[in-house]
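The values are calculated or read from the model by the stated rules, or taken from the named source; none is laboratory data. Keep in mind the model is a prediction, meaning the values are calculated, not measured. We work out accessible area using only protein heavy atoms, side chains counted, and drop any ligands, DNA or RNA first. Shrake-Rupley method; radii C 1.70, N 1.55, O 1.52, S 1.80 Å.
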Amino acid sequence: MVCRLTPVHFPEGMAEMTDNIAHEKAKMQGGSARMSLLILLSIFLCAAFIMSLVYHNFPELTEEEYETIKIPKNMDDAKALGRVLSKYKDTYYVQVLVGYFATYIFLQTFAIPGSIFLSILSGFLYPFPLALFLVCLCSGLGASFCYLLSYVVGRPVVYKYLTDKAVKWSQQVEKHREHLINYIIFLRITPFLPNWFINITSPVINVPLKTFFIGTFLGVAPPSFVAIKAGTTLYQLTTAGEAVSWNSMIVLVVLAVVSILPAIFQKKLKQKFE
């Protein structure tokens, strides 16, 4: 007796149905875009209120000094701010340190330009080891807060209006999950992508927060080293671009290549054995 196996025919459109389920799941992750924007506005107002409390507890300044206490937009602003902070740093050490710390994190959290000048100022105000740790910690925390904001606000918007791309990007990240920290360090060292773009897109493409923080903390160290070193000669600088020399550029390129080598080597080995 011969048994014949009857081939099973799946209903037409099964693949399409699976894709639709994946897209619906992605849209559900998106949530309400309007609610997300309201949350963002509320968080920003709370952060601005905290910043006002920090500056309210600052030492009493003259009218001329008070005008310099602002987010530096150019090197002249940074010099004026550095002059005032260095005057009060020894007497009001904690207040100045907390003010610097809070301002740096605030700028990073809401992707506001100006943190490069604060990095340079740290080299002028503090010893090099403390300045480097302070900048790396502020960058890591501020970027992580920006990550969380994007998770709450940006992720719903992207998943609602760019569902196909969001799913595709997440799948690409999943393929390289073993070496995500190497890629983050590489991107932080190199100028290929702006830091604010990395902060905002990372939660959308499912980069883990722990990996993101460690990669940011380590990745910003080399460029921060350059900025802090330049801060020791603050009054000789006329633009932020002067902080970067050809020697420092070569060092940054070498460090960037070293950071990505493990991922490249493992990929080559996999291809060879497969």
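Remarks
- With a 1.4 Å probe rolled over the protein heavy atoms of all chains, the accessible area of Glu178, Glu63 falls in the order Glu63, Glu178, largest first.
- For the pair Arg34 and Arg83 in one chain, pulling the backbone fully straight at 0.36 nm per residue adds 13.3 nm over the alpha carbon distance.
- Legend: residue pairs Lys73/Lys229; Lys70/Lys168; Lys168/Lys229; Lys89/Lys229, Cα-Cα distance threshold 31 Å; pairs beyond threshold, Lys70/Lys168; Lys168/Lys229.
- The relative contact order of the stretch 104-157, computed from alpha carbon pairs under 8 Å that lie at least 6 residues apart in sequence, is 51 percent.
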